[in-house]
Amino acid sequence: MKHVNSSGEPASERPNSLGMREEVLSDLLNSIDKKGAEGDAKREFVRWPFRKVSVQVSVMQPGGGGSSKLKMACRNLSRGGMSLLHSAFMHPGSRVQVHLPRPDGTVMTTEGVIVRCTHVRAMVHEIGLRFLHPVDAKQFVQTDPMTDAFSLEKIDPELLKGTVVHLDDSATERKLLAHYLRGTSLRVRPAEGLAEALKLIGEGCDLLIIDMDMSGTNGVEAVGEIRGQGYGTPVILVTADTAAAAKVNIGELQISALIPKPFTQETVLRAIAEYISADSGSRALCSSLPEDHPNKVLVDGYVQSLRALSGRLKECMTKDDAKGCRTLSLHIQGTAANYGYQSIGRLAASAAKAIAATGSAAEASVSLEALIKACDRAKP
């Protein structure tokens with residue numbers, strides 16, 4: 001005999017824990033999206049609609065006691081997390097595995113932690129889930145490369161580090177890009193032609209920005225030549241000819257993104273942040289204090305305290321403890337420069353600012369993770 005729920009539907013055949021089919025779920029999600037539109041503006045990650053009637057979620061039991069498998073409805077997805085709907089309250093801090101379906105029918109399993117649970121109405125609860133490791137959200141959602149290709153909404157220019165080669169035959173456009181990136185720590189290397197660009201690429205870079213509408217060798221041909229020489233560096237193509245850009249086979253040429261002209265500073269920063277990490281690498285961060293500075297004898301102890309603060313920041317992030325993360329960030333901001341770690345102090349200030357803007361450690365995770373990595377890399 002089959003067990004049935006209150007609606008008379010076999011329990012094993014429920015599409016999700018709410019028992020909602022697509023039409024009813026769609027009405028509910030429309031209502032939630034309308035109410036949440038204002039709050040979404042503060043988020044660090046772009047949320048793309050990911051309306052799924054059923055997503056498999058495994059809730060890990062504490063102490064290694066196995067897991068409970070559930071079907072939940074899904075509202076949206078970002079690089080850093082997702083929003084799910086469930087029929088009961090779930091405790092923040094709970095660890096889960098979520099099985100994300102791709103458009104081709106394959107599934108990727110990733111781990112996360114519940115950072116919030118909000119009652120919506122009746123038995124409906126919205127679950128905020130932060131992934132332990134960021135995902136490439138564009139594997140799972142269909143996006144328009146000309147309008148919504150970038151996953152970060154909030155960018156701190158000071159966190160951008162690395163080398164960008166900019167290929168454009170217009171001196172005006174090269175100057176404009178350099179002007180837009182003046183507040184970053186990026187090294188921008190301009191190139192007027194393909195030969196010059198190839199020389200710079202060969203010397204090492206993290207990202208290419210290429211104009212599609214150049215005279216002589218156009219941008220698409222330039223990308224083909226660069227790929228033909230074995231360079232796999234991410235490429236952002238910029239163009240005023242959006243109709244022609246729509247015909248470009250971005251998959252075959254491994255073009256990471258397309259930006260329509262005229263582009264804004266915000267668009268450029270978001271595009272670059274997508275492909276250049278806020279972390280400057282694995283090199284050690286050393287104190288800048290001269291040997292005869294009176295605080296030099298205290299540096300070893302301060303480095304040890306940074307290690308401890310990094311661990312506490314990780315714990316607070318796991319719990320989405322925004323207040324705790326901000327308190328620790330402000331502490332680091334107020335002390336780092338005294339021991340010669342000005343760059344760590346700036347990262348701490350950025351993290352504190354991001355938390356104040358979003359009210360969530362999960363939403364400020366990019367800034368917090370950059371700070372944690374810097375603390376871990378500090379050396380006397």
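Take the residues of the stretch 195-217 that are farther than 27 Å from A246 by Cβ and modelled with pLDDT of 90 or more: which is surrounded by the fewest Cβ atoms within 10 Å (Cβ to Cβ)? Per the stated criteria, the residue is A195. Within the stretch 194-202, does at least one residue satisfy the condition of being assigned to a loop (DSSP other than H, G, I, E, B), in the same structural domain as V238 (by TED's automatic domain parsing) and either at negative phi or in contact with a helix residue (DSSP H, G or I) (Cβ under 7 Å, 6 or more places away or on another chain) (or both)? The answer is no, given that none of the residues of the stretch 194-202 is assigned to a loop (DSSP other than H, G, I, E, B), in the same structural domain as V238 (by TED's automatic domain parsing) and either at negative phi or in contact with a helix residue (DSSP H, G or I) (Cβ under 7 Å, 6 or more places away or on another chain) (or both).
Looking only at the stretch 208-259, filter to residues that are of a type in the set (S, T, N, Q) and touching a Leu at 6+ places or on another chain (Cβ under 6 Å); which one of those is farthest from A271 (Cα to Cα)? Once the filter is applied, the top-ranked residue is T217.
Considering the stretch 1-36, the residues that are under 30 Å from the mean Cα position of the chain (by Cα) and basic (K, R) include one that is modelled with the lowest pLDDT, namely K35. Would you please name the residue that is surrounded by the fewest Cβ atoms within 10 Å (Cβ to Cβ), looking only at residues in the stretch 327-367 that are in contact with a Leu (Cβ under 7 Å, 6 or more places away or on another chain) and assigned to a loop (DSSP other than H, G, I, E, B)? In this case the residue turns out to be G340. Is there a residue in the stretch 280-297 that is in contact with a helix residue (DSSP H, G or I) (Cβ under 9 Å, 6 or more places away or on another chain), assigned to a helix (DSSP H, G or I) and either surrounded by 12 or more Cβ atoms within 10 Å (Cβ to Cβ) or modelled with pLDDT of 90 or more (or both)? Checking the stretch 280-297: at least one residue is in contact with a helix residue (DSSP H, G or I) (Cβ under 9 Å, 6 or more places away or on another chain), assigned to a helix (DSSP H, G or I) and either surrounded by 12 or more Cβ atoms within 10 Å (Cβ to Cβ) or modelled with pLDDT of 90 or more (or both).
Pull out all pairs, ordered by first then second residue, where Cβ-Cβ is under 6 Å, the residues are six or more apart or on different chains, the first lies in the stretch 368-380 and is part of a helix (DSSP H, G or I), and the second is of a type in the set (S, T, N, Q). Pairs that qualify, where the first residue is part of a helix (DSSP H, G or I) and the partner is of a type in the set (S, T, N, Q), are I372/S310; C375/S310; D376/S310.
Figure legend. Inter-residue proximity from the stretch 212-231: first residues within 13 Å of A191 (Cβ to Cβ), second residues modelled with pLDDT of 90 or more and of a type outside the set (A, V, I, L, M), beta-carbon distance below 6 Å, spacing 6+ or different chains. Indicated pairs: M214/D169; G219/D211. For the stretch 37-55, the criterion of being modelled with pLDDT under 80, basic (K, R) and either closer than 30 Å to K261 by Cα or not in a strand (DSSP E or B) (or both) is satisfied by at least one residue.
The values are calculated or read from the model by the stated rules, or taken from the named source; none is laboratory data. Since this is a predicted model, take the numbers as computed values, not measurements. Don't worry about glycine lacking a Cβ; one is built from the backbone with ideal geometry, like all the others, and counts go over all protein chains shown.
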